[in-house]
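Every number in this text was worked out from the coordinates using simple rules, so none of it is lab data. Source: prediction; values computed, not measured. Note: ideal-geometry Cβ built from the backbone for every residue, glycine included; neighbour counts use all protein chains shown.
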Amino acid sequence: MKADNVNLQGILNSPNRYIIPIFQRYYSWGKREWSQLWDNLMELQYGSQNPGEGDIETHFMGALVFVPDRRPEYTMPTYQVIDGQQRLITISILMCALRNTARAAGFDALAAEINDTLLVHPYKSDDERYRIFPRQRDREEYLAIVEHRPFGKNRNKLTEALIWFVRRLESLATDGELTELELRTFFDQTRVGLDFVHITLDEENPYRIFKSLNSTGMNLTEADLIRNFMLMSAGTSTTDQDKFDDKFWRPLEVQFEEDDGQLNSRDFSVFFRDFLMASGRYIPLSSTFFHFEKTYSGNKFDPRPLTKELDRWAGYYNTIRGLTPHDSKTINRALHKLRRLNIAAAWPLLMRLLDLEANGNLKANEFEKAAELINAFNRQMIEQESTARSLGRWLSIACRHLGDKPIKNLDLYFKERGYTP
């Protein structure tokens, strides 16, 4: 391991190139984090003007963790970003905002300096031109911002960040219009005043380091960890992983997006847990990834068939949640009654029943009878003051007792647990 104190200029104004690996999450910072960064920069700009506080010449931005990527096709020093990608991308977007502001004001020399020293390698081509190279779904928008060209699709947080920082920069004007000196001062203070610990871990597996960092406090959900596991299982090359992400994983994630296009990671995590519990075992939410990895690890594991299966079960899940209606009015009616009672513990069992129905092993009226049994069992267990955890455990274990006569076996299973019709 090698650790050095480096400022922003030392990181970006170098012959290095920084790649965001496939197992990292997508860009997720918002106004709260942008505001915190801006406040830190304002301390750099004006701290020395505050009496009694002393001169504030630098601000520590934390550690950045990298692993060298020595693939033979790379012609320049290349590093995978294991920790710090949100900070690096945000600061890069800030520099794009500063460059655009300088260019719009007619300060072309300053704009060119920002662009060529912190954003691109001016004498490189193709992917190696970019000092920071994000993950696939962030990539097109990020590169459009760096190249200062329109981004045709719906703008994401990257473009929102750019606009937010442009507006903050415009607010720095003292006499209505920004001067070149004001922009130059901001540029110099930022590139010299932001300090990092640059940590390079040599000869290590990047994904293993990433998981280790997560275990000590990185805020990744169970769904994030499962996604990373599946992507890393799709192949060793970035091309294979990107193809898997586009063709297989993306359609699954779309089923858990909010109206604004953002992935609901909590619902996605709960889905994976319920999918695992539909096999008939109870799993705590915090252990979802552990059980998922344990179930599907193996030298010959291919994530593609499993992802197709997950996509199908996600369809059942959204039918249970009321997001997509079932073709049968009888089943829709039964599910509507259960949703009103908010029996989320029954969802793994309902997914299993919907799968039986989809495969022709359960009729719609039988599904309705199963839903009535679940409803009655739930009411009686609540009256007996059973805990939610006990109910969840019993309902998940019921999944493996359905057999070839689901209604009869479910009724028998509930009676063995104390249910009285």
Unit Cα scatterers, Debye sum, the stretch 232-335: log10 I(q)/I(0) for q = 0.12 Å⁻¹: -0.48
Measuring from the longest principal axis of the C-alpha atoms of the chain, the long axis of helix 265-277 (C-alpha) lies at a number of degrees, nearest 10, equal to 30
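Write down, largest first, the equivalent ellipsoid semi-axes of the stretch 2-215 in whole Å, where each equals the square root of 5 times an eigenvalue of the alpha-carbon gyration tensor. Walk me through the numbers before you get to the answer.
Working: eigenvalues 157, 87, 54 Å².
Equivalent-ellipsoid dimensions as semi-axes: 28, 21, 16 Å.
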Compare the peptides 230-242, 66-78, 120-132, 308-320 by average per-residue count of other Cβ atoms within 10 angstrom and give them in order, highest first. 308-320, 230-242, 120-132, 66-78
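Which ordering of PHE165, PHE60, PHE275 is given by a fewest-first count of other beta-carbon atoms within 10 Å?
Numbers: PHE165 24, PHE60 11, PHE275 21.
Final ranking by Cβ density, sparse to dense: PHE60, PHE275, PHE165.
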Which distance in nm do the two modelled labels at LYS408 and LYS369 give, with both placed 7 Å along the Cα-to-Cβ direction? 1.0
Angle between the chain longest axis and helix 303-320 axis [Cα atoms, degrees, rounded to 10]: 70
Comparing GLY62, GLY176, GLY261 in a Gaussian network model of the chain (Cα, 10 Å), the one with the largest mean-square fluctuation is GLY176
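For n ≥ 4 DSSP H runs only, could you compute -39500 (n - 2.57) per run for the chain, divide by its residues and tell me the 222 nm figure to the nearest 500? The partial results should precede the final answer.
Working: 19 runs with 227 residues, N = 421.
Calculated at 222 nm, the ellipticity per residue is -16500 deg cm²/dmol.
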So if I take the centroid of the Cα atoms in the stretch 310-358 and the same for the stretch 247-269, what is the distance between those two points in Å? 18
Roughly speaking, what % of Cα-Cα pairs in the chain are separated by over 34 Å, rounded to a whole number? 45
At 7 Å along Cα-to-Cβ for each site, give me the label-to-label distance between ARG32 and ASN342 in nm. 2.4
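As a footprinting exposure proxy, order VAL192, VAL254 by other Cβ within 10 Å, with the fewest listed first.
Numbers: VAL192 15, VAL254 12.
Exposure proxy ranking, most exposed first: VAL254, VAL192.
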Rounded to the nearest 10, the angle in degrees between the Cα long axis of helix 180-193 and the longest principal axis of the Cα atoms of the chain comes to 60
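How would LYS337, LYS2 line up from fewest to most surrounding beta-carbon atoms within 10 angstrom? Could you put the intermediate results ahead of the total?
Details: LYS337 14, LYS2 9.
The fewest-first ordering by Cβ neighbours comes to LYS2, LYS337.
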Take peptides 89-100, 289-300 and line them up by average Cβ neighbours within 10 Å, highest first, as a rough protection proxy. 89-100, 289-300
Under a plain spin-label model, where a point goes 7 Å from the Cα along Cα-to-Cβ, how far apart in nm are LYS294 and ALA3? 3.4
